[in-house]
Structure formats: structure tokens, C-alpha cells
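What follows draws every value from the coordinates through simple rules; no lab data is involved. Worth saying up front: this structure is predicted, and the values here are computed from it rather than measured.
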Amino acid sequence: WVGAAAQRAGATGMISTVYRFERQDSVAGQSPETFTLRIVGGTAGGFRVTIPDAPRFESGRSYLVFLRSNSRGNGLLVTGAAGGALPARLDEKSGWQVAVPQRQNPAAPAKEAAASADGRSWISLDSLKPLLAPLEKGGRP
């Protein structure tokens, strides 16, 4: 992602963080080159709001983000709360890799998944593409 700013809706309104992203690749469907996501929670005016299942993003990291249009059709939402945003990295040899919790690694055999200290496995994005294909047609994986 590119940048973020916490905002408060009025003097007593909910705090949210607006993240600005630049798309580097698209797996299914179409997304704009740049887009923003408003996620409830953040720190503003000396107050902090934390939503346990909200996606969290770190500056300078890449993510595989599952998006859908909001109910008004004028913005984007992360599908699946925190599960809809997975850390990603570009490996020079194998291309894009995505970090998935080890217990939910549906695509890669244990020997192919490189476990990390936080209980995640890094798997090839290409190995996930067959599972994501139904999304292109508006279905479910």
C-alpha cells in the first residue's frame, strides 16, 4: 500500500483509517490502478479504536486483497474482514507468494510451504489461482 491517514467523522464520530493502494497485479476480476479502502479503527485526536477482525496493513508491504463493491456501488470493501487481506511478496524465482495460516493452506503440500515464525505458510499465488477462478464468474471458491 502507498499511504494511510486516520480520520474521525465529526467531533464524536467513529474513527476510521483510509488506506491508499496501487494495484500491482490482478488475479480475478478488474480493479482500478489505484484505490482507497476505509477501514473502521485507528488513532485520531488522542483516541484509539481497535476492531479485532478488521484487516490491518503495514506500510511498505504488499497484500493480496479480496475486494467487492459497497452496497451503494461507490466504493470498495475488503471481503472476509481480516481474512480478505493476505500478506504477499514477490520472489524473483517463483513470482508472487501469499502468506496463509498453516491450518488453512488449501493448495500447497507441506513440503512446498515455507513456514514462518508467525504460523503462516508462504505459497505460490499460481497455486491459488484454480481456487480463485470461480470468483471471476461471480461465484464462490
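Okay, here's what the table says:
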quantity	calculated
In Hz, Karplus ³J(HN,Hα) per residue of the range 62-76 (6.51, -1.76, 1.60; θ = phi - 60°; x = Gly, Pro)	9, 9, 8, 10, 8, 10, 8, 6, 6, 5, 8, x, 10, x, 10
Cut-off under 5 Å, modelled amide H: who pairs with residue 23 long-range	34, 35
Built amide H within the under 5 Å cut-off of residue 75, gap 5+	70
Note, ³J(HN,Hα) from phi for the range 39-48, Karplus 6.51, -1.76, 1.60, rounded to Hz, x at Gly and Pro	10, 5, x, x, 10, 8, x, x, 10, 10
The range 83-101 and the range 11-69: distance between their alpha carbon centers, rounded to Å	18
Amide proton proximity set for residue 14, modelled H, under 5 Å, gap of 5+	9
The range 1-79: radius of gyration over Cα atoms, expressed as a fraction of 2.2 N^0.38 Å	1.14
